[in-house]
1. Would you mind computing, in nm to one decimal, how far apart the modelled labels at Tyr43 and Asp96 are, each placed 7 Å from Cα along Cα→Cβ?
2. Trypsin sites (Lys or Arg not before Pro) within segment 1-71: which are DSSP loop residues with at most 11 other Cβ atoms inside 10 Å?
3. How high is the relative contact order of segment 31-182, in percent, counting Cα pairs under 8 Å that sit 6 or more residues apart?
4. In debye, nearest 20, what is the charge dipole magnitude of segment 1-82 about its Cα centre with +1 on Lys and Arg Cβ and -1 on Asp and Glu Cβ, if you could check?
5. In deg cm²/dmol and to the nearest 500, what is the mean residue ellipticity at 222 nm of the chain if only DSSP H runs of at least 4 residues count, each as -39500 (n - 2.57), divided by the residue total?
6. Once you keep just the Cα pairs under 8 angstrom separated by 6 or more residues, what percentage relative contact order results for segment 7-118?
7. For a quick check, take a GNM of the chain with Cα springs below 10 Å and name the residue from Ser105, Ser146, Ser82 with the largest mean-square fluctuation.
8. If the chain between Thr114 and Asp175 were fully stretched, how many nm would it gain, using 0.36 nm times the residue separation less the Cα-Cα distance?
Amino acid sequence: MRYIAAVQSTPELVAACLARAGVDALVVGGLAMEAHGYGRQTYDVDCLMAAADVDAFERSLLGEGYARAPSGENFRRYAAPSVYQAPVDVLLVAADTFGNMLKDSLAWQFGSVTLRVPSLPHVIALKLHAIRNNPAREARDLGDVSELLAANPGAIAEADLAALCAKHGPPGIGDRLGRLRS
């Protein structure tokens, strides 16, 4: 009888690579939204880390059979070695930005491992920032923000939400979000 070896889940593999590399990351994207009460189907694992830490993480991830895919200046994408694992995308930020987000983050259980996810205001800020940098993302990301707010009533004061929209989103995004929520 032939047995198939168990494959680590991608969050388990990411946690192991982070530990080996001695660096921190935050899980963002669809998996982070689950931690805040809104589940949206996602296939990849999105992480955010200080740009200075990505090379150490990359060495560890490549050692697991991942391959670096076409990437940009502020992100790296890694293709999975098998259909049983998900691609990993890493968003790169300045060390002080990452430190502030890490300080306010929360621990979340992903299967057998605990990883950190950004606070709700930081998840929303990331969504708004993504819209500002790529307007084609507005429909999906603004819908995500609306669903996150609905799943967490009263968690963010309206004045604080308006400030997040003004600071991180494109002009008029607060009004469009308000219409979506009404």
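Each reported figure results from applying straightforward, stated rules to the coordinates on display, with no laboratory input. Note that the structure is predicted; figures quoted are calculated from it, not measured. All Cβ positions, even for glycine, are placed from backbone atoms using ideal geometry, and neighbour counts span all protein chains on display.
1. 3.9
2. Filter output for segment 1-71: Arg2.
3. It rounds to 20 percent for segment 31-182.
4. 280
5. Dividing the helical sum by the residues of the chain leaves -14000 deg cm²/dmol.
6. Worked out over segment 7-118, it gives 31 percent.
7. Greatest mean-square fluctuation among the candidates belongs to Ser82.
8. Computed gain between Thr114 and Asp175 is 18.3 nm.
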